[in-house]
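The values are calculated or read from the model by the stated rules, or taken from the named source; none is laboratory data. Predicted, not measured: the structure shown is a model, and the values here were computed from it. Methodologically, a virtual Cβ is constructed for each residue, glycine included, from the backbone with ideal geometry; neighbour enumeration extends over all protein chains shown.
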Amino acid sequence: MSKSYTSDEITVLEGLEPVRARPGMYIGGTDANGLHHLVWEAVDNSVDEAINGHCKKIDITIGKNGWMTVLDDGRGIPVDKHKKHKKPALELIMTTLHAGAKFHNKAYSSSGGLHGVGISVVNALSEKLNVKVFRDGHEWSMSFSRGDVKSKLKKEKKSRKHGTLVSFLPDSKIFKKVNFNFKNICERSESKAFINRGLRISVSDERTGERREFFFENGILDYINKVLGSGKGVLFAPFYARSDNGIHCEVALQWTEKTESKIESYCNSINTVDGGTHEAGLRTALTKTIRQEMERRAGKGKITPITTEDVKEGLTAILSIFVENPQFQGQTKEKLNNPEVSALVEGVVRPAFEKFLLENCSTADLLIARVELSAKARLASRAAREEVQRKGAISHRLTLPGKLSDCSSTSPTDSELFIVEGDSAGGSSKQARDRKTQAILPLRGKILNVENATGEKLANNAELKALSLSIGTGIGAGFDYKRLRYDKIIIMTDADVDGAHISALLLTFFFRNMKELVEKGHLYLSQPPLYKVVIGKEVFYAADDEEKDKIMGKYKNRNIEISRFKGLGEMPVNILKDTTMDKAKRSLLRVELIDEQETEEAFKDLMGKDSSARFRFIQENAASFELDV
Ligand code: 0RA
């Protein structure tokens, strides 16, 4: 027998009232799940004895009338009297919630999360609980009810057996239904048996007479064979490694031709559903070893770059470790968080896996081919994805309308599109632009009045088609903001009535078909001058009559020379550049939707049949388009 137990190790004790007051806090709920938690709790105590090397057999019996019995051949719960508390250890263990770290005098325990709350929780939530201990040459018995002692510790007949038998009847005041599930208990017992190689667990159901026994000589290696069946799509005999040095670690794994992977991990025989540091260590070990073997064969730098994802493809792995102070994390406490574990697992798996690959040459061939294939598929699919994107950009450029003079920059963020009126304006603005960032699209004549046009007419209108292709986003329901090719879309029309009308039609078009562009502030109106005012050596530009009159008023008695531009097409290139296009000197009006409802009505009113009204809109509502410099 190993290290002996001293009752002094019991440190923090607390009564069981809180457990009965809030059972959900301890077992997760009072439904079927909570009920089975009592079983797992009782069994885990016995499994802990097995983990520590003192127990080889656990018998679980579902009794009649709601009884459950768990028997193990461990050391038996200690029965000696605690010096300070003057009570038998068994009584303390059964009637107090304990928080002492080494309370069980066990190197490993499955404590963590909802697990390992202690057998006392089972006692607290049982209408009746009877314990028999085989220990110190005798059989001992004690019984409880709802956490309280019903009959004191009694020394029964002599016995040379060792172990613990716990029988309990869950409290029907707490559990809605006391009905144990044979299949559920079998499944859990089977995985416990896999993880604890050599442990025999039987499950009997006295209600039906069913009985099953789980025992796996080869632990998780047997498990992997069971999970994968007999050889279907399996690449080779599984890899298995085990270490009891520094860390208790056991791993079995196998690759299949399938792409899906299944990695199951355990810490202290708790299924770590969300993985954690032990799984990370395994992944790193496998990837590094395979990469190293590839390099050994092909030479450094001459291999397909592989990632853990490539290695994971088709992998079935079971990893089980035991650590003294497991730290579980996450919502359901099913993720292992001990940072030191990662390197420890890697340290166990790497040398063993390296040896495995060196000794099984053809297996290594198969595996490397398998991983390389995944890597190549990954690289190819990435290349294909990029190709599609690039092609998209190219073919998009190919479908750009012929009359668009695009800018050379392909980055939308610094690009601008000027929509100009007629070919002559198109010519001068092309000369005045900054080729790198400014694109010109000349529209011929009056564009279609969208407000009165049918969808079909709209779709077939050459000018609007060119406009929508240049912008890149598509229109209406097919609008895709991500495809926007320019940051600023600038309507640049003559400073006259016709120009104002075209602006209005374009604004309507954008509002109706590319509303998001307006909402996000991409639409602008340029402000070309209508007059040039020369006073002596000074030159002024005025956008309209009002501005012109203002200037003239200031310089009343001087010789003033006024010229009126007929249109953008007639304007000297340098003037067009300085006043309207040059990013540093121009001023733009940003079109903003102030009140959608109002804008909606304004468009309906003014873009309808009455042409005089249309013009008024531009003049009178100019204020509702906010100024932006
Ligand atoms: C405390 C200390 C020792 C064993 C146990 C508890 C124990 C608890 C359960 C519950 C079910 N089966 C169990 N088996 C053992 C260590 C005793 C020693 O050092 O001898």
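For segment 486-522, a tally of residues being surrounded by fewer than 23 Cβ atoms within 10 Å (Cβ to Cβ), assigned to a loop (DSSP other than H, G, I, E, B) and at pLDDT 85 or above returns 3. Residues in segment 22-36 include none that are within 16 Å of the ligand (Cβ to nearest atom) and either assigned to a helix (DSSP H, G or I) or buried (at least 23 other Cβ atoms within 10 Å of the Cβ) (or both). The condition of being near the ligand (Cβ under 10 Å from one of its atoms), modelled with pLDDT under 95 and out of contact with any His (no Cβ under 7 Å at 6 or more places or on another chain) holds for only one of I119, I58, that being I119.
Of all residues in segment 438-484, those being of a type in the set (D, E), modelled with pLDDT of 80 or more and in contact with a helix residue (DSSP H, G or I) (Cβ under 7 Å, 6 or more places away or on another chain) number 0.
Residue-wise test of (1) modelled with pLDDT under 95; (2) among the aliphatic types (A, V, I, L, M); (3) more than 14 Å from the ligand (Cβ to nearest atom); (4) touching a Lys or Arg at 6+ places or on another chain (Cβ under 9 Å).
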residue	(1), (2), (3), (4)
K132	no, no, no, no
K152	no, no, yes, no
E156	no, no, yes, yes
T164	no, no, no, yes
F182	no, no, yes, yes
I185	no, yes, yes, no
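The set of residues from segment 71-82 being more than 7 Å from the ligand (Cβ to nearest atom) and either hydrophobic (A, V, I, L, M, F, W, C) or under 16 Å from N130 (Cβ atoms) (or both) comprises L71, V79.
When A101 is tested against (1) away from the ligand (no atom under 12 Å from the Cβ); (2) at pLDDT 95 or above; (3) in a loop (DSSP other than H, G, I, E, B), exactly one condition is not met: (2). Would you confirm whether or not segment 244-264 contains a residue that is over 30 Å from I27 (Cα atoms), among the small types (G, A, S) and under 27 Å from the mean Cα position of the chain (by Cα)? Yes, segment 244-264 has at least one match. Within segment 543-565, being assigned to a loop (DSSP other than H, G, I, E, B) and at pLDDT below 85 holds for A543, D544, Y555, K556, N557, R558, N559. In summary, K157 fulfils each of the numbered conditions (1) in a strand (DSSP E or B); (2) touching a residue at least 60 places away in the same chain (Cβ under 8 Å) with the single exception of condition (2).
If you filter segment 52-93 down to residues that are among the hydrophobic types (A, V, I, L, M, F, W, C) and out of contact with any Leu (no Cβ under 9 Å at 6 or more places or on another chain), you find that the one that is nearest to S120 (Cα to Cα) is I93. Each residue in segment 119-135 was checked for being farther than 20 Å from T61 by Cβ and either in a strand (DSSP E or B) or without any contact (Cβ under 8 Å) to a residue 60 or more places away in the chain (or both), and 1 pass. Here E416 passes the criteria (1) among the charged types (D, E, K, R); (2) under 30 Å from T316 (Cα atoms); (3) modelled with pLDDT of 80 or more except the one numbered (2).
Among T363, T289, T332, which is the only one that is surrounded by fewer than 21 Cβ atoms within 10 Å (Cβ to Cβ) and in a helix (DSSP H, G or I)?
T363
If we scan segment 40-53, do we find a residue that is within 16 Å of I185 (Cα to Cα), more than 16 Å from the ligand (Cβ to nearest atom) and either at pLDDT 90 or above or in contact with a Lys or Arg (Cβ under 8 Å, 6 or more places away or on another chain) (or both)? Within segment 40-53, not a single residue is within 16 Å of I185 (Cα to Cα), more than 16 Å from the ligand (Cβ to nearest atom) and either at pLDDT 90 or above or in contact with a Lys or Arg (Cβ under 8 Å, 6 or more places away or on another chain) (or both).
Surrounded by fewer than 22 Cβ atoms within 10 Å (Cβ to Cβ), touching a Gly at 6+ places or on another chain (Cβ under 7 Å) and over 20 Å from G219 (Cβ atoms), is that true of T69?
yes
For segment 49-60, the count of residues that are of a type in the set (A, V, I, L, M, F, W, C) and part of a helix (DSSP H, G or I) is at least one. If the condition is being crowded, with 19+ Cβ neighbours inside 10 Å and of a type in the set (A, V, I, L, M, F, W, C), then segment 476-485 contributes only L484. Candidates in segment 566-580 are the residues that are assigned to a helix (DSSP H, G or I) and out of contact with any strand residue (DSSP E or B) (no Cβ under 7 Å at 6 or more places or on another chain); of these, the one that is surrounded by the fewest Cβ atoms within 10 Å (Cβ to Cβ) is N574.
Filtering segment 336-353 to residues that are buried (at least 21 other Cβ atoms within 10 Å of the Cβ) and outside any helix (DSSP H, G or I) leaves only L336. With (1) in contact with a strand residue (DSSP E or B) (Cβ under 8 Å, 6 or more places away or on another chain); (2) modelled with pLDDT of 85 or more; (3) assigned to a loop (DSSP other than H, G, I, E, B) as the list, and A584 as the residue in question, which single condition is left unmet? For A584, the failing item is (1).
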